[in-house]
Amino acid sequence: MHAAQVQSWPEGPRYVTLDDPLTPSDNQIQLRVLAAAAHQVVRSRASGAHYSARELPHTVGIDCVARDEATGKLHYCFTLQGGTFAEYINFEKDVIYPIPSDIDPASFAASVNPAMSSWMAITQRTTNLPKDFIAVIVGATSDSGRLAVYSAKALGAGKIIGIARNAAALEKVEGLDERVVLQDPIAETDFSKVQGCDVILDYVYGDATVQLLSSLARSRKPVQHVQVGSLAQRTAEIPSHLLRSFDLTIRGAGVGSWKVSALQKELQTLIPTMASWKLLAAHSVPLKDIETAWNDTSLVGEGRVVFVP
């Protein structure tokens, strides 16, 4: 069996030959991997920088779309143990999730991880959102931001406002009710459309976050800010008086802020719900080419990179 494995952190993934997987136990099923995406967390783990992967050798990957060759059925699989960049994997039966047979494996593999960021942010890192809540997505033109529109709508949002720098790209984001274009300098941005919001999913952070929250300083209702990503900056100087000026809750969302068991439970709903969404474009690369494709910047912009054994 072939797999992508890191045997030395500085070297990155190598295409290697391993023994075939052991016969699955009674609680497991053996699946043929069809597509596994190179998410940012996958790259971080493969570099040895992520806390969830520190031991060598390290088989790359945290999720995949795979087929049960006995039945022909497709499944989505997620794990932080072992890896998914391989021809075959053994998975516990209670943590695989069936998906429709007409789903494109590469697009689905590319989409679940970015989709779960917003889904888990809302389900695990907010409390008591009102019926038909108003959601703001900062970084709405990113892959995760686009899918966050679907998550928010599926989880009860009555109005969704997207914020991003690129006006043309923002206009193309489907499902938004309002749009706010970030200006340069940020202080000149008109945030009047976000007044009255209930939750903010923030994929950008930094100065944009400070200006947005400052615009809500006179809010008469609770606002929950969930920091999900840092596309712009990793730090934000939030004035102390702002934290006292209105009912503001700030939380982060990511592995560590919620339990893997909670994710496994939520995937039971997210996976079938996603089947009707417009999924992300994927750029499929043969797994055997991972050594040259892993750091190939020319692949950026062609869709999320997905490796196909």
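A few remarks follow.
- Restricting the calculation to Cα atoms, region 1-118 shows an Rg/Rh of 0.95 when the hydrodynamic-style radius is the Kirkwood one.
- Farthest positive-ward along the chain dipole, Cα basis, beta-carbon charges - from 114, 294, 150: 150
- Aspartates and glutamates whose Cα lies under 15 Å from that of residue 288, excluding same-chain neighbours fewer than 8 positions away: 87, 296
- Region 46-184: C-alpha gyration tensor shape, a/c 1.5 cut-off, then a/b vs b/c: prolate
- Size of charge dipole - region 115-252 - debye, nearest 20, with Cβ of Lys, Arg +1 and Asp, Glu -1, no other charges: 380
- Among the listed pairs 73/153; 193/259; 131/278; 172/193, those beyond 27 Å (Cα-Cα): 73/153; 193/259
- Only helical runs count toward this figure. For the chain, summing -39,500 (n - 2.57) over DSSP H runs of n ≥ 4 and dividing by all residues gives -7500 deg cm²/dmol at 222 nm.
- The relative contact order of the chain comes to 19 percent, based on Cα pairs under 8 Å that sit 6 or more residues apart.
- Charged neighbours of residue 82, selected by a Cβ distance under 15 Å, balance to -4 (K, R count +1; D, E count -1).
- Ratio Rg/Rh, restricted to region 115-252 and using Cα atoms, in which Rh is the Kirkwood radius: 0.92
- Each Lys or Arg adds one and each Asp or Glu subtracts one; over the other residues with Cβ under 14 Å from the Cβ of residue 15, this totals -2.
- The HN-Hα couplings worked out from phi for region 290-305 by the Karplus form 6.51 cos²θ - 1.76 cosθ + 1.60 (θ = phi - 60°) are 4, 5, 8, 7, 4, 10, 7, 5, 5, 7, 5, x, 9, x, 4, 6 Hz, whole numbers, x standing for Gly and Pro.
- Taking the Cα centre of the chain as reference, the dipole from Cβ charges on Lys and Arg (+1) and Asp and Glu (-1) amounts to some 920 debye.
- Highest average packing first - 170-179, 17-26, Cβ atoms within 10 Å: 170-179, 17-26
- Whether the chain is rounded, prolate or oblate, judged on the alpha carbon gyration tensor where a/c under 1.5 counts as rounded: prolate
- Over all projection directions, the Cα-based convex hull of region 30-93 averages an area of 4.1 nm².
The numbers here are math on the coordinates, done by the rules we state, and not lab data. Remember, predicted model here, so these are calculated numbers, not experimental data. Note: ideal-geometry Cβ built from the backbone for every residue, glycine included; neighbour counts use all protein chains shown.
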